[in-house]
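Let me begin by presenting the structure, written as structure tokens, before commenting on it.
The values are calculated or read from the model by the stated rules, or taken from the named source; none is laboratory data. Note that the structure is predicted; figures quoted are calculated from it, not measured. So basically every Cβ, Gly included, is an ideal-geometry build from the backbone, and we count neighbours across all protein chains shown. Areas reflect the complete protein model, heavy atoms only, side chains present, ligands, DNA and RNA absent. Shrake-Rupley method; radii C 1.70, N 1.55, O 1.52, S 1.80 Å.
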Amino acid sequence: MTWVVLIIAGIIWLIVKGSKGVSSISSTNQKNQSFLNRRDEKYKDRVIDTSKSLFDRNTDIIKQFELKVTGASTSYRYYETDNITRDCINEIALAENKMSVSPDHKYLSQWIGNAPAEWSALAKQIKSSLDDSKYKVSSERNRLDSEKRKIQDEKTRRDNKIAIEERMVKKARESFEFRKRQQNDPAGIQEINKTKGSGEMYIEYIRDILTPNEEPWCDIESDLISANKEIPVVRFPHFTSSVKLDSVVALNEEIDEFNQQLEEDAKNRVKNSSFFSGILSGYEKGDKESMISRINLIVDGIELPKAVPRVWNVDFDPIESIAIVEVMLPDVVHTDIYKKVTLKSGIAKKELNQREKKDEVPSIHPAIILRIAYELFRNDIKNQIKLLVLNGWVEFDDPNTGVKTKTYTSSLVVEKDKIMALNLSKLDPLSAFTNLKGKSAGKLIDIIPVTPMMSLDKKDKRFIETKEVLNKLGSETNLAAMDWQDFESLIAELFEKEFASEGGEVKVTQASRDRGVDAVVFIPDPIKGGKYIIQAKRYTNTVDVSAVRDLCAVVKKEGASKGILVTTSTYGSDAYAFAQNEPITLLNGAELLGLLAKHNYKFRINLSEAKKINIANSNYKKQ
């Protein structure tokens, strides 16, 4: 049995061995066929020039593989040179139709030892060429990398330089902006800015209102006047930079504009010196216009919260040295007043409660009046203001009618020593205001009108008691023919009735035919009214321009705000032309009768009849 098994095993071995041989032959044949197919596909028409060396006649293939080393092709970018050399030999073997010498997948070091001498030499030559190419490529890459690093380093240095320059430009701009803030605009300092208040009113503003200006106007005025000659202009320097930056160009353009403005400012300062010097000189002489201008400048310069209106009017009586200032006050009744409260989240606003409104709000208007009075007297360095009249008004929409309404709520007449004795930082404004006999709207829970106090001196030795005439005359009375003294008294009575609704008071002067002042009207509204001079002309002929000129001169001499010329006759065109540009009102005979009728008095004017009566009286006196 054993030998049978052995025979069977031998037969099986022969069969397996035979099949392997057949399979190996078949595989080799397939491999050979594949090789031939690939060669025919790629190198069918290739001519092998045996007169050249194996290397020289395959340089085209070798160059293709050099590209793999130089990085033109990324497939073999990270392969070792040996592997690329081996692949190149394989490709050349295909081209040369030398399958037998192809290293296939063997390591180059293993193959090269057993390869034919010519092919071994080829491999070494190819590897050397590839190494050279690789070195050249590596060197070139290193050079390019070095160039890139240089470019990057240069860019970094430039960027750093630009960054440094930008920081320097920023500092230069900060310095420039600081200089600009320090530079006052002399062109606008002569302007008076009147604006209504804006923003919300806080009860804490009372302390701000009562805080005097840090620098009084008289000191500012002195500085402005002292600039009476051109001071050399200190120009702001350009910013120089080795790097061309848009920010530098923009900054230098602004500096150029600023330096040009400095030149203009220097000229304006000289003009300002002359302007303010003229006002100060007129103020020292008590000149009315200069006094008004200087008071306007002082009031304009008072530092107050934005919620406080900056609207006012000024008048000045140079004879009595009385300054009259009317100011607009904030409406603290129809607008909300707030207080500041401290919360964890910060400062917040809160409306005042009813008790706070009752206790605190009435102090706002007196505080403003006292502060203005303090600044005016504080800057009255020559004591030109003997008496100051301050009237405060409020403008609001009347809730009953919806009509814009102007109502006076505060009035104060005070002398300098009374104001300068006050300590604004510690006083209670309402108590101080009341102690100075100021008139206010009480607790100010509603808008309560007050009559502005007018302190113009109504005592004059020329004044006499008014003679009652109107009620003693009949409707048949010819005004042009009545006694001239009675006519002047009639005119005084008439205007007393005309201005009664405005609180006006009329004083008649002693009889003195055409002495210039027949009556004086005092109206307690210092802006709309004031002191009026009335002159009565009981004429039968046309009143010429000389009478109007004379009245105009009297008005200026008396320091009055207006003159009224009344006649029983008419005025010439030259008289009307002259009066048009002066504070003079002309009333002719017809207008006089109309004004009398307004107050229910009916008289007549007959110039012809009056002329005859006058002639008859004149002839009688001659006899």
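Does at least one position in segment 44-67 carry a residue that is at pLDDT below 80 and charged (D, E, K, R)? Break it down stepwise before answering.
Of the residues in segment 44-67, the ones at pLDDT below 80 are none.
No, segment 44-67 contains no residue that is at pLDDT below 80 and charged (D, E, K, R).
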If GLN384 passes every condition in (1) assigned to a strand (DSSP E or B); (2) closer than 12 Å to ALA323 by Cβ; (3) open to solvent by 10 Å² or more (accessible area, probe 1.4 Å) but one, which one does it miss? (1)
Confirm whether ASN313 is open to solvent by 30 Å² or more (accessible area, probe 1.4 Å) and either without any contact (Cβ under 8 Å) to a residue 60 or more places away in the chain or closer than 23 Å to LEU436 by Cα (or both). yes
Given the structure, is VAL325 in contact with a strand residue (DSSP E or B) (Cβ under 7 Å, 6 or more places away or on another chain), surrounded by fewer than 21 Cβ atoms within 10 Å (Cβ to Cβ), under 30 Å from ILE292 (Cα atoms) and β-branched (Val, Ile, Thr)? no
Result of the Cβ filter at 6 Å on segment 326-348, keeping first residues that are more than 24 Å from PRO309 (Cα to Cα) and partners that are open to solvent by 80 Å² or more (accessible area, probe 1.4 Å) and assigned to a strand (DSSP E or B), at least 6 apart or interchain, is VAL341/LYS350; ILE347/LYS340
Could you tell me which residue of segment 397-445 is least open to solvent (accessible area, probe 1.4 Å), considering only residues that are outside any loop (DSSP other than H, G, I, E, B), among the charged types (D, E, K, R) and modelled with pLDDT of 90 or more? LYS416
Only listed residue being modelled with pLDDT of 90 or more and of a type outside the set (S, T, N, Q), chosen from GLU214, GLU254: GLU214
Can you confirm whether ARG181 is modelled with pLDDT of 90 or more and either surrounded by 11 or more Cβ atoms within 10 Å (Cβ to Cβ) or part of a helix (DSSP H, G or I) (or both)? no
Does ILE347 satisfy being of a type in the set (Val, Ile, Thr), open to solvent by 20 Å² or more (accessible area, probe 1.4 Å) and over 22 Å from SER411 (Cβ atoms)? yes
What number of residues within segment 184-205 are in contact with a Pro (Cβ under 7 Å, 6 or more places away or on another chain) and either surrounded by 14 or more Cβ atoms within 10 Å (Cβ to Cβ) or under 14 Å from GLU254 (Cβ atoms) (or both)? 3
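Got a sec? Which of GLU253, GLU284, GLU257, GLU289 is open to solvent by 50 Å² or more (accessible area, probe 1.4 Å) and touching a residue at least 40 places away in the same chain (Cβ under 8 Å)? Outline the logic, then answer.
On the way: GLU253 fails: touching a residue at least 40 places away in the same chain (Cβ under 8 Å); GLU257 fails: touching a residue at least 40 places away in the same chain (Cβ under 8 Å); GLU289 fails: touching a residue at least 40 places away in the same chain (Cβ under 8 Å).
Only one candidate passes the filter, namely GLU284.
Can you find a residue that is of a type outside the set (Gly, Ala, Ser), part of a helix (DSSP H, G or I), modelled with pLDDT of 70 or more and under 46 Å from the mean Cα position of the chain (by Cα) anywhere in segment 526-544? I'd like the intermediate steps shown before the answer.
Within segment 526-544, the subset of a type outside the set (Gly, Ala, Ser) is 526-528, 531-535, 537-544.
Subsequent filtering for residues that are part of a helix (DSSP H, G or I) retains none.
Scanning segment 526-544, I find no residue that is of a type outside the set (Gly, Ala, Ser), part of a helix (DSSP H, G or I), modelled with pLDDT of 70 or more and under 46 Å from the mean Cα position of the chain (by Cα), so the answer is no.
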